[in-house]
1. Could you say which residue among A:Gly195, A:Gly228 is free of Cβ contacts under 8 Å to residues at least 12 places away in the same chain and surrounded by fewer than 17 Cβ atoms within 10 Å (Cβ to Cβ)?
2. Restricting to the stretch B:242-280, what's the tally of residues that are under 13 Å from the mean Cα position of the chain (by Cα), at pLDDT below 85 and either in a helix (DSSP H, G or I) or away from chain A (no Cβ under 14 Å) (or both)?
3. Test each condition in (1) out of contact with any strand residue (DSSP E or B) (no Cβ under 7 Å at 6 or more places or on another chain); (2) surrounded by fewer than 18 Cβ atoms within 10 Å (Cβ to Cβ); (3) closer than 30 Å to A:Gly185 by Cα for A:Asn642 and report the one that comes out false.
4. Do you know which of the residues in the stretch A:614-639 that are more than 10 Å from chain B (Cβ to nearest Cβ), of a type in the set (Asp, Glu) and touching a residue at least 40 places away in the same chain (Cβ under 8 Å) is surrounded by the fewest Cβ atoms within 10 Å (Cβ to Cβ)?
5. Would you point out the residue of the stretch A:203-223, among those that are more than 23 Å from A:Lys174 (Cα to Cα) and free of Cβ contacts under 8 Å to residues at least 12 places away in the same chain, that is farthest from the other protein chains (Cβ to nearest Cβ)?
6. Filter the stretch A:126-163 down to the residues that are in contact with a Ser or Thr (Cβ under 8 Å, 6 or more places away or on another chain) and more than 20 Å from A:Asn54 (Cα to Cα), then identify the one that is nearest to the other protein chains (Cβ to nearest Cβ).
7. Tally up the residues in the stretch A:450-467 that are within 30 Å of the chain's Cα centre (by Cα) and closer than 18 Å to A:Ala564 by Cα, please.
8. Quick check, is A:Tyr100 at pLDDT 95 or above, more than 22 Å from A:Leu324 (Cα to Cα), crowded, with 18+ Cβ neighbours inside 10 Å and not aliphatic (A, V, I, L, M)?
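The values are calculated or read from the model by the stated rules, or taken from the named source; none is laboratory data. From a predicted model like this one, the values you see are computed outputs, not experimental measurements. All Cβ positions, glycine included, derive from the backbone under ideal geometry; neighbour counts span all protein chains shown.
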Amino acid sequence: MRKMLKRVLVLALAAAMTLSLAACGGDDNKKDDAKYTYNTALSVFPTNWNPHQNQTTTDAEILDYISEGFYAFDYNETEDGYKLVPQMATQDPVDVTKDYVGKYGIAEGDTAKAWKIVLRDDLCWEDGTAIKAEDFVTSAKLLLDPVAGNYRADSLYSGSMVIVNAKNYLYNGKTVYATDMAANGYHEVVKGADGYYTTKDGNEVAVKLNDACYFFGASIADYSNYFGDSYATLESLADAEGVIKVNDEVMNILKAVSTAIGYGTPDEWQEFCFISESFPEMDFSEVGLIATADNELVIVLEKPLEGFYLLYNLTSSWLVNEDLYTKCTTVTDGVYNNTYGTSAETTISYGPYKLASFQADKQYVLERNDKHHDVKDGYYMTTTWQVDYVAEASTRLEYFLKGDLDSYGLQAEDMATYQQSEHTYFTDGESTYFVALNPSKSGLEKAQAAAGENINKTILTVKEFRQALSFALNRDEFALATMPTLSPAFGVFSNLIISDPENGTAYRTTEEAKKVLADFWGVSNEIGDGKLYADIDEAVNSITGYNLEKAKQLFNEAYDKAIAEGLMDADDVVEIKIGLPSATSSTYTNGYEFLSNCYTEAVKGTKLEGKLTFTKDDTIGNAFSDALKANQVDLLFYVGWNGAALDPYSLMEAYTSPNYQYDPAWDTSTAMWDIKLSDGVTYTASVLDWTYCMNGEKITIKAADGTTKEFSCGTADENPVDRFAILAALEGAVLSTYDMIPLTGDASAALKGMQIKYYKEDYIFGVGRGGLKYMKYNYTDAEWADYVSEQGGKLVYN
Amino acid sequence: MNMLKYVLKRIALMFFVLFVIMTMCFILIKLLPVTDAAQFGKDMNLILQRREALGYNKPLLEQLFIFFQRSVFGGDWGISEALYRGQDVWAVFISKLPATIMVNIYSMCFSVPTGLLLGIYAALKKNKWQDHVISTLVVVFISVPSYVYAFLVQYLLCFKLDLFPLQMNSGTDYFSFSMFMSVVPAVLSLAFGSIAGLARYVRAELSEVLTSDFMLLARTKGLTRSQATIRHALRNSMVPVFPMILGEFVAILSGSLIIEKIFGVPGVGQLYVNSITALDYNFFMLLSAFYTLVGLTAGIVVDISYGFIDPRIRMGER
């Protein structure tokens, strides 16, 4: 037996040795000398890059290189900014509105509504098949297919570029109940002869059992327990889609619930309701997209649009290959499906790269498309772009240090080692992250009652308390503890937000924006000769947002106020529940620890000492963004909005429109705000109205002497001065609530591999550091392999 | 005959349990609230309309009926609506299964003989230094979570010593040598826990059997120690161990969430958790049905296997 065991052990050892020796043979992945491979890694992999259905930025990343837009961002002449240049087009769009007078709703005298785009004549698919203007029309028809209901269909009718009849064709003959009735304030309702209510405009008012309503932020079905026996009544009245038109019976049910658990205002029942929108039957020939020649495409718009925003809206395209697309389409039991853009076989490119292979959750490889016009023109040195799925950051770093990756996004734990590296590049992001607070008195009262005896939450309704939370927060240290690449934020908009896209002016660099910060952080009075700061720049640069002394004073004031107003008893303990999306995210768990420790320390020596406690709910998951609205928690951090970097005017809606607000308590339809316009007069309107006004809607504004006037300064108007003044004023309004406290700006840091060379060191909005188009290489793949080998297989970047 | 009746009864019960579990899974996942984050300028009706078309707004029992009719009896498990949008869930699942199976089979091939040998050796050397070394290592590998030594394996063997690639190779040439080399770190990381578990179990069982009266009898009948150990002790000690090995086969199909993630194995290990997080109903139900069925089948196979390993155990006997 002993001999046998020895033999087995010897055999096992021999096998292990053989494996080890074989492994020493190294990587047999030999690279061609002429190749320039860009190697990157993703921790989330794309799954669907169908131009009509993609949903995530990861999906869009493939799409960005296998397709292109009519226009594209490129460097300006001095290469210190961006400009939009023709990409698939040969020139800027030509205004042909007058050619379409009497058609598509265009009237005599209209301008900027019909645009002719002249296409390049060398556009083609990767297989060489030519792309004609008619292909764009066909692709638009597929995109707007009423049966498909494509996720990206709204790209042709939402936002500032609205193609005539695009939405009508999509919803062909349907009535949809998609608009929250209370989203833009309450409506006056009219009872019809049939007993059902409509709005003044004649739109039907209905309840939908299964869709998230404004009142709950979730569906009525999810909260059916609040309706008791009445829910059965609602179910009996609902049609097959769960829609119930509102009559007296339904209204009474809704009013009973809103009175019982809401604010109890007379029109609050409308927060359960939706209003209808009916669409006529429509043939695709009535949609404003016409191929007037093989290389001429005319788009007809419902609203005039020109200049930067017209080109910007045309920086992507809806083009698909009709043959392949049709092969990928199925309709089973009325359910449409399309697998276009889900694998290498179902993908065809017309961009600078083509998808050579794709293995789900493992790797995809893009190869340069030598038929592409930019490639022919000598751009895109990268011959192959290989993207691997590497979930763990530590593994990505190991790959990077072995020379197998060309960039590595630094993590918090890497910063100490690589922060000072000459290979580290810092990039500001567009988003601002906030601490969002719940100052909804009714919501807090309910949570307070549920939390138990002597637990207080309603002190959050006291503005001084929220101010104190803001001043007690050392944002630099918070970033270090959670995401060290981030920098502190003091305003609503980040440094990358562009307020004048035509000229590329960043909002934060304007005098108005600086004044907002100076006023809000209380340094305005310290500017000037003989004062603390020589000019506003110096004052703004001095802002840290951290003032512990002031915070302590505000905590005391808040306590006194809460006691005086009966919001709190002397023996109460304040308990703030902080929401975390999960228990496994170190960013959020560290953030929670930081906030609770920082505030516990901050109240020492104040009347709230020992009376401020924190709990967490780390089970929120997907409902993170709605947790405040649902009164599930009292505080969220690292919340914010992404996108719209070129349009802060519409981005403002995220903070002022009830559709998007994190804060459920700030009623912007009644919160009035004074703004001085360019005529020198100060006018008053609601915050919500001001927001709509700078996005093109006509509102009524009131001067101090009582006179009123209709006013609008949206994109179609030539009033950029007032528009900008309103934007800055509204930023001040949002900040002044202290419901959304600026925390950090989005930013990232990454190590750049030594094989590649960025075109520009500085990051510029729209063009980055030159992207793949301009990127150069210090070594071919073969030279790089030799270089790495010479370094012993491990590179040093710090 | 009794055995056949027993097996048929177990199979019937298995389908009943499967039905109950599927019903519970279906209802519970559908009860989770669906919240679509608001997006700028997004026509949310497109999302609501899709949900309507997919029948998500129908009464739950009706949806359950459709599910059983279409998926369980019709074999159409539907389209992924979140994780792999637009793709057939069965096709995606099947395409990812080979990588998981390969890694786990290699792992079993390595861990079972190694675990058994170490366990036997420790039992034979009970209370000697060899036993102490093995037992200490067993305790270490059982106590330390697999991801810890997965990272260690990756760092030491792949990064520092450069013996293996950091992650599994891409592609589907699962039987190539380079692919084999690329999965060795994952296989080792998966195997350590199993080796330790098996070694501990075998050592305990064999130690007990070696001190039994019948072993003394065997020696007194003139058998050598080796003969007595191999012919009598080992076979008896395998009665509880063998079903444990069979049970491990279930793991072959389910994969490991952490190990697959660390070593880039494009398998099914992460699918189940991701399907719940993303509320991908069709994926969740397919995976629930598949793994429940595999688990229940394995249970029956393990129970029946007792009879073959130890003839004293009779199935279905009163």
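1. That would be A:Gly228, the only listed residue that is free of Cβ contacts under 8 Å to residues at least 12 places away in the same chain and surrounded by fewer than 17 Cβ atoms within 10 Å (Cβ to Cβ).
2. Going through the stretch B:242-280 one residue at a time, the tally reaches 12.
3. Here A:Asn642 meets the rest and fails (1).
4. Taking the candidates together, the pick is A:Asp617.
5. A:Tyr223
6. Only one residue tops the list, namely A:Ser160.
7. Adding up the residues that qualify gives 5.
8. So A:Tyr100 fits the description; yes.
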